[in-house]
(Lines give C-alpha, C1' and ligand atoms only; values in the text may rest on other atoms or scores of the structure.)
Protein backbone atom coordinates (compact mmCIF):
# COMPACT_ATOMS: atom_id res chain seq x y z
CA UNK A 1 0.00 0.00 0.00
CA UNK A 2 1.42 3.47 -0.87
CA UNK A 3 2.21 5.92 1.94
CA UNK A 4 -0.48 8.44 2.92
CA UNK A 5 -0.51 11.60 0.81
CA UNK A 6 0.50 13.76 3.76
CA UNK A 7 3.73 11.80 4.18
CA UNK A 8 4.40 11.98 0.43
CA UNK A 9 3.94 15.75 0.51
CA UNK A 10 6.48 15.98 3.32
CA UNK A 11 9.03 13.64 1.74
CA UNK A 12 12.40 15.33 1.14
CA UNK A 13 13.08 16.39 -2.41
CA UNK A 14 9.55 16.21 -3.79
CA UNK A 15 8.77 19.88 -3.26
CA UNK A 16 11.63 22.20 -2.45
CA UNK A 17 10.40 25.09 -0.33
CA UNK A 18 12.85 27.57 1.16
CA UNK A 19 14.50 26.29 4.35
CA UNK A 20 12.16 26.57 7.33
CA UNK A 21 9.04 27.01 5.19
CA UNK A 22 6.55 24.34 4.26
CA UNK A 23 4.84 24.90 0.93
CA UNK A 24 2.23 22.82 -0.82
CA UNK A 25 0.50 23.27 -4.12
CA UNK A 26 -2.99 22.15 -5.00
CA UNK A 27 -4.50 21.45 -8.40
CA UNK A 28 -8.02 21.53 -9.75
CA UNK A 29 -8.65 19.52 -12.90
CA UNK A 30 -11.92 19.92 -14.79
CA UNK A 31 -12.51 17.55 -17.69
CA UNK A 32 -14.89 18.05 -20.60
CA UNK A 33 -16.01 16.12 -23.66
CA UNK A 34 -17.25 17.89 -26.76
CA UNK A 35 -18.07 17.17 -30.36
CA UNK A 36 -15.54 18.60 -32.86
CA UNK A 37 -17.94 21.36 -33.92
CA UNK A 38 -18.44 22.38 -30.24
CA UNK A 39 -14.76 22.51 -29.23
CA UNK A 40 -14.10 26.15 -30.20
CA UNK A 41 -17.10 27.34 -28.17
CA UNK A 42 -15.95 25.27 -25.19
CA UNK A 43 -12.42 26.69 -25.51
CA UNK A 44 -13.76 30.24 -25.57
CA UNK A 45 -15.74 29.61 -22.38
CA UNK A 46 -12.70 28.12 -20.66
CA UNK A 47 -10.56 31.04 -21.79
CA UNK A 48 -12.96 33.43 -20.04
CA UNK A 49 -13.15 31.29 -16.87
CA UNK A 50 -9.36 30.99 -16.64
CA UNK A 51 -9.02 34.75 -17.18
CA UNK A 52 -11.29 35.42 -14.20
CA UNK A 53 -9.62 32.99 -11.79
CA UNK A 54 -6.11 33.98 -12.89
CA UNK A 55 -6.51 37.25 -10.97
CA UNK A 56 -7.67 35.54 -7.76
CA UNK A 57 -5.50 35.27 -4.66
CA UNK A 58 -3.49 32.07 -4.54
CA UNK A 59 -3.71 31.21 -8.24
CA UNK A 60 -0.38 29.93 -9.52
CA UNK A 61 -1.33 29.53 -13.17
CA UNK A 62 -2.66 26.64 -15.16
CA UNK A 63 -3.17 24.98 -18.50
CA UNK A 64 -6.01 24.21 -20.85
CA UNK A 65 -5.21 20.96 -22.67
CA UNK A 66 -7.11 19.92 -25.80
CA UNK A 67 -7.30 16.73 -27.82
CA UNK A 68 -9.57 17.54 -30.74
CA UNK A 69 -9.39 13.98 -32.10
CA UNK A 70 -10.91 12.50 -28.92
CA UNK A 71 -13.05 15.55 -28.12
CA UNK A 72 -11.47 16.02 -24.70
CA UNK A 73 -10.47 19.21 -22.90
CA UNK A 74 -8.79 19.51 -19.50
CA UNK A 75 -8.67 22.76 -17.54
CA UNK A 76 -5.87 22.48 -14.95
CA UNK A 77 -5.29 25.26 -12.41
CA UNK A 78 -2.77 25.40 -9.56
CA UNK A 79 -3.35 26.96 -6.15
CA UNK A 80 -1.24 27.90 -3.12
CA UNK A 81 -3.82 26.58 -0.64
CA UNK A 82 -6.93 24.45 -0.52
CA UNK A 83 -8.92 27.43 0.79
CA UNK A 84 -7.90 29.60 -2.17
CA UNK A 85 -8.72 26.79 -4.59
CA UNK A 86 -12.14 26.41 -2.96
CA UNK A 87 -12.77 30.16 -3.15
CA UNK A 88 -12.38 29.96 -6.94
CA UNK A 89 -15.29 27.51 -7.28
CA UNK A 90 -17.80 30.36 -7.45
CA UNK A 91 -16.03 31.71 -10.54
CA UNK A 92 -15.81 28.27 -12.15
CA UNK A 93 -19.50 27.69 -11.39
CA UNK A 94 -20.31 30.86 -13.35
CA UNK A 95 -18.73 29.38 -16.52
CA UNK A 96 -21.08 28.56 -19.38
CA UNK A 97 -19.97 24.90 -19.37
CA UNK A 98 -19.28 22.63 -16.42
CA UNK A 99 -17.18 19.49 -16.50
CA UNK A 100 -16.19 16.82 -14.02
CA UNK A 101 -13.93 18.28 -11.31
CA UNK A 102 -11.23 16.40 -9.42
CA UNK A 103 -8.99 18.12 -6.87
CA UNK A 104 -5.42 17.07 -6.07
CA UNK A 105 -2.54 17.88 -3.79
CA UNK A 106 0.61 18.21 -5.91
CA UNK A 107 3.13 15.65 -4.66
CA UNK A 108 6.01 16.60 -6.96
CA UNK A 109 6.90 19.73 -8.85
CA UNK A 110 9.67 20.22 -11.37
CA UNK A 111 10.48 23.39 -13.22
CA UNK A 112 10.65 23.32 -16.99
CA UNK A 113 14.05 24.08 -18.44
CA UNK A 114 14.35 26.36 -21.42
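Descriptive notes on the structure:
- Every residue from the stretch 91-103 that is under 16 Å from residue 27 (Cα atoms) and at pLDDT below 90: 91, 92
- Of the criteria (1) farther than 20 Å from residue 38 by Cα; (2) over 12 Å from the mean Cα position of the chain (by Cα), which one residue 95 fails: (1)
- Scanning the stretch 53-77 for residues that are within 18 Å of residue 41 (Cβ to Cβ) and in a strand (DSSP E or B) turns up 64, 65, 66, 67, 72, 73, 74, 75.
- Tally, over the stretch 54-73, of residues that are out of contact with any helix residue (DSSP H, G or I) (no Cβ under 9 Å at 6 or more places or on another chain) and under 21 Å from residue 90 (Cβ atoms): 4
- Breaking point among (1) more than 16 Å from residue 27 (Cα to Cα); (2) loosely packed, with under 14 Cβ neighbours inside 10 Å; (3) in contact (Cβ under 8 Å) with a residue 12 or more places away in the chain, for residue 43: (2)
- A count restricted to the stretch 47-57 and to residues that are in contact with a strand residue (DSSP E or B) (Cβ under 8 Å, 6 or more places away or on another chain) and at pLDDT 90 or above stands at 0.
- For the stretch 1-46, the set of residues classified as at pLDDT 85 or above and assigned to a helix (DSSP H, G or I) consists of 36, 37, 38, 39, 40, 41, 42, 43, 44, 45, 46, listed by residue number.
- Looking only at the stretch 78-102, and only at residues there that are touching a helix residue (DSSP H, G or I) at 6+ places or on another chain (Cβ under 7 Å) and not in a helix (DSSP H, G or I), the one that is surrounded by the most Cβ atoms within 10 Å (Cβ to Cβ): 79
The values are calculated or read from the model by the stated rules, or taken from the named source; none is laboratory data. Nothing here was measured: the structure is a model prediction, and the numbers come from that model. All Cβ positions, even for glycine, are placed from backbone atoms using ideal geometry, and neighbour counts span all protein chains on display.
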